[in-house]
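One structure is given below, encoded as structure tokens.
What follows draws every value from the coordinates through simple rules; no lab data is involved. Predicted, not measured: the structure shown is a model, and the values here were computed from it. Neighbour counts run over all protein chains shown; Cβ positions are idealised from the backbone, glycine included.
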Amino acid sequence: MEDRLEHRNKRDADIEALRRVYRQCKEAGRAAEAHDALNHLVELDPTGGTVAFAHRERGKLGEMGGRPVRIAILSSYVLDPLVPFLDAECRRAGLTPVFYVAPFNQYTQDVLNPASGLYAFGAELVFVALDVEDLFPAIRRVPGVDELSSSRTEIRATVTGLVRELRARSTALIVVHELTFTGSSPHGILDNRRGDGLSRWVEDVNRDLAEDLSAQAHTFLMPLRQVLARAGSAQEQNRKLYYMARMRHGDVALGELARYSMRYVKPLKGLTRKCVVVDLDGTLWGGVVGEVGPEGIQLGPTAPGIEYVDFQESLLNLTKRGILLAVCSKNNPDDVVPVLREHKHMVLREQHFAAARINWRNKAENLKAIAEELNIGLDSLVFLDDNPVERELIRQMLPQVLTVELPRDASQYRSMLESLTDFELLALTKEDEQRAGQYQANRQRQALERESGSLDAYLHSLEIRAEIARAAAHHVPRVVQMLNKTNQFNTTTRRYQTPEIERLVASADHRVYVLDVADRFGEHGLVGSAIVCQEGDTWRIDNVLLSCRVMGLSVETVFLKRISEAARLHDVARVVGEFIPTAKNEPTAEFYRRHGFQLVSDVDGVQSWAFDPRASRIEDPTWISVKTAGE
Amino acid sequence: MATIEEVVSSVFGVERETVNERSSPETVEGWDSMGHVNLVAALEQRFNVSIDIDDVMHMANVGKIREILASYGVQG
């Protein structure tokens, strides 16, 4: 008891100290540090009061220039208090959020009226939070079978209809909260034995919604019951909040809800991390293999050891959605390789790792080398290491890397990993499922490159095959995914979402091309896309992008050759390629010049490069065999 | 044990010295209807009480809060 009191006093003192730091930074006009102090403050004290304080203060500080995100909330109850919690989460992810909350109980009018505040706001993401008691008040008073059945149909029609209207007027990502019924059933333990039981009814309604919403593009059903379970039922049954303020969720639940919401925000904004770099001793198994040998480490079906097997399984699961794994360990390779190859209880084997640095060098150097080898940014890495000294080093040296505070207790590893919101995809494509294997093939390619005498000989020996086609509906998920996560080979970094790409694919004035690439080591899959806007006698190339995995092979030339040929066929006078420089797309800067385009204007950061398709031609590289599907 | 002034100061992020018996929604930034809900939650947690809604509605300033909490046997 005394210990707990002491702990609380220390925490209070820490919070007070952070507030002082914040005030000092604010008064001294050091906005960046002030924002940072607020980030720490809400992490240490995630109560409604402090989170709302931080949110108010952000408005007074100069903005940090993080990427903006526009989020709208439509709700049948008072959900305004979620805003400061979501604000805190967005800031932690480096985003600068702007919010719109529909006026109390006016969500329907907001959706149906094209001139409403919701549409004027221009949301990128809309959360729809309807409470079952608001949609169906009779649920509180023992509804009969008929009533349950008709209200089930009604709720389905209401929610699906609302989403359909919203979709027709907005390209936003729509996230609908699942319905929850948190009260006790009036039937007690008989509830799930009866046709008019409420738990089964809620399941049915949510299944209806899942079915309807999964048929709609860019629309999700958030598993709210799972989210609220993390907050604990005591929080959720705080009816007083509802009586006092028409609120449904307390602080802890709002914190969980905001955190879960980031699983939608992050992939939408291209913030999904691509690779998890793990340490070995103390992280993938217990003990130090160099000291106790392969048979001495803790790893197996019983404790201690089972917690590491469990953790490895969770890491393996990430690879199924295209997240890469890499090893960074201070060890002698000779001590480690036998474990990776032969230990009976290892879940992760050599082939699961896209890159490895097992040596005694500084881990910051090793992480940089891993990022370089995989051709991804440091801001795509997550670093898991049980050693706090290594974590601190990476935090200091490479702040772009997400360094996770791994719990002291290994039995918490798995749940910690699964609570991270950085690995979500809005769609799973064939390329994601095959990614781990593709990096294997990459290692073989690199071996070949080392053996080949010259770059030219290497490129020819790869036997590259490229197939270019006009995008069809089934290509849309992959095209959208690439548009939102490709940073290096991306001429304009214009980010489009599913509804916009669906429109462009169907439009007669636009051409969306997709490029499939394969070589002797296997398929790269759909790795490139280009968008052309046909504007009279000018064709404007709005964007060309290429996955980092196929950079350096000149496959991008295939796009310009097809586009310029099609333009010539249509007797178009000018093809104009646009280039917008960013911090990361330097590799694309010379793209148009290399292909004979001339810089004709450079206005507001947008360069226009022109090409006359009737006067000049572009040829495919000799080492690529190109197949063209359609025109 | 925390005082009511400390709770008000920490919920609204204002300096402890600026909070007095007459501090109210009119004088403290952030003490709006949502802020009031947060304040009540913090008071309940800090003093381990559950405050009746009627009392919540009458917590118009720090002095009044002190009076009401006293009726729950809390000396803040």
Signed unit charges on C-beta, dipole axis of chain A, positive-most listed residue A:531, A:416, A:603
A:603
Lys, Arg +1 and Asp, Glu -1 on Cβ, resulting dipole of segment A:531-629 about Cα centre, debye, nearest 20:
360 debye
What is the calculated FRET efficiency for residue A:10 to residue B:49, with r their C-beta to C-beta distance and R₀ = 41 Å, to the nearest 0.05?
0.95
Once Lys and Arg get +1 and Asp and Glu get -1 on their Cβ, which of A:115, A:62, A:262 lies farthest toward the positive end of the dipole of chain A?
A:115
Cα gyration tensor category, rounded, prolate or oblate, for segment A:46-188 with a/c compared to 1.5:
oblate
So if the hydrodynamic radius of chain A is defined as the Kirkwood radius over C-alpha pairs, what does Stokes-Einstein give as its diffusion coefficient at 37 °C and 0.692 mPa s, in µm² per second?
119 µm²/s
For the pair residue A:216 and residue A:351, the simple spin-label estimate (label points 7 Å beyond Cα toward Cβ) gives in nm 4.2 nm
HN-Hα J couplings of segment B:61-75 from phi, Karplus 6.51/-1.76/1.60, θ = phi - 60°, integer Hz, Gly and Pro as x?
7, 4, x, 5, 4, 4, 4, 5, 4, 4, 5, 9, x, 9, 9
Hey, rough spin-label estimate for residue A:430 and residue A:108, points 7 angstrom out along Cα→Cβ, what's it come to in nanometres?
4.5 nm
Relative contact order for segment A:258-404 using alpha-carbon pairs under 8 Å, separation at least 6, rounded to a whole percent?
26 percent
Net charge near residue A:22 (other residues with Cβ under 14 Å of its Cβ; Lys, Arg +1; Asp, Glu -1) is 0
Given a Förster radius of 30 Å and the C-beta distance between residue A:24 and residue A:64 as r, what FRET efficiency does 1/(1 + (r/R0)^6) yield to the nearest 0.05?
0.95
Of A:276-289, A:62-75, ordering from highest average Cβ density within 10 Å down gives A:276-289, A:62-75
May I ask you to sort A:580, A:189, B:68 by Cβ crowding, counting other Cβ atoms within 10 Å and putting the fewest first?
A:189, A:580, B:68
Distance between segment A:1-71 and segment B:16-41 - C-alpha centres, whole angstrom:
18 Å
In whole percent, what relative contact order does chain A give with Cα contacts below 8 Å and a gap of six or more residues?
9 percent
Inter-part gap, Cα centre of segment A:145-175 to Cα centre of segment A:259-327, in whole angstrom, is 39 Å
For segment A:227-377, what class follows from the C-alpha gyration tensor (a ≥ b ≥ c being the square roots of its eigenvalues): rounded when a/c is under 1.5, otherwise prolate if a/b is larger than b/c, else oblate?
prolate
Taking a ≥ b ≥ c as the square roots of the eigenvalues of the Cα gyration tensor, with a/c under 1.5 meaning rounded and otherwise prolate when a/b exceeds b/c and oblate if not, segment A:1-61 is prolate
Here D for segment A:449-629, in µm²/s, from Stokes-Einstein with a Kirkwood Rh over Cα pairs at 10 °C and 1.306 mPa s, works out to 95 µm²/s
Using modelled backbone amide H atoms (1.01 Å from N, in-plane), which distant-in-sequence or interchain residues come within less than 5 Å of residue A:221's amide H?
A:176
31 Å Cα-Cα threshold exceeded, pairs from A:10/A:485; A:60/A:269; A:368/A:430; A:485/A:627; A:269/A:330; A:60/A:368:
A:10/A:485; A:269/A:330; A:60/A:368
Using unit Cβ charges (K, R positive; D, E negative) and no other charged atoms, how large, in debye to the nearest 20, is the dipole of the protein assembly as shown about its Cα centre?
1100 debye
Within chain B, list the trypsin sites (Lys or Arg not before Pro) lying in a DSSP loop whose Cβ has at most 15 other Cβ atoms in a 10 Å radius.
B:22
Under 5 Å between amide H atoms, partner at least 5 residues away or on a different chain: which partners does residue A:67 have, H built in plane at 1.01 Å?
A:96
Could you tell me which residue out of A:521, A:567, A:482 lies farthest along the dipole of segment A:457-602 toward its positive end? Charges go on the beta carbon: Lys and Arg +1, Asp and Glu -1, centred on the Cα centre.
A:521
Rounded to the nearest 500 deg cm²/dmol, what is the calculated helix-only ellipticity per residue at 222 nm for the protein assembly as shown, with -39500 (n - 2.57) per DSSP H run of length n ≥ 4?
-13500 deg cm²/dmol
Starting at the first residue of segment A:479-489, write each ³J(HN,Hα) from the Karplus equation 6.51 cos²θ - 1.76 cosθ + 1.60 with θ = phi - 60°, in whole Hz, x for Gly and Pro.
4, 4, 4, 5, 4, 9, 10, 7, 10, 7, 8
Once phi is turned into ³J(HN,Hα) by the Karplus curve 6.51 cos²θ - 1.76 cosθ + 1.60 with θ = phi - 60°, what whole-Hz value does each residue of segment A:574-585 show in order, with x for glycine and proline?
9, 10, 10, x, 9, 9, 10, x, 10, 5, 10, 9
Given contacts defined as C-alpha pairs under 8 Å and at least six residues apart, what's the relative contact order of segment A:1-61, whole-number percent?
28 percent
FRET efficiency for residue A:92 and residue A:230, using Cβ-Cβ distance with R0 set to 22 Å, rounded to 0.05
0.75
Please arrange B:55, A:204 by how many other C-beta atoms lie within 10 Å of their C-beta, fewest to most.
A:204, B:55
Could you please state, rounded to a whole Å, how far the C-alpha centre of segment A:579-611 is from the C-alpha centre of segment A:354-384?
31 Å
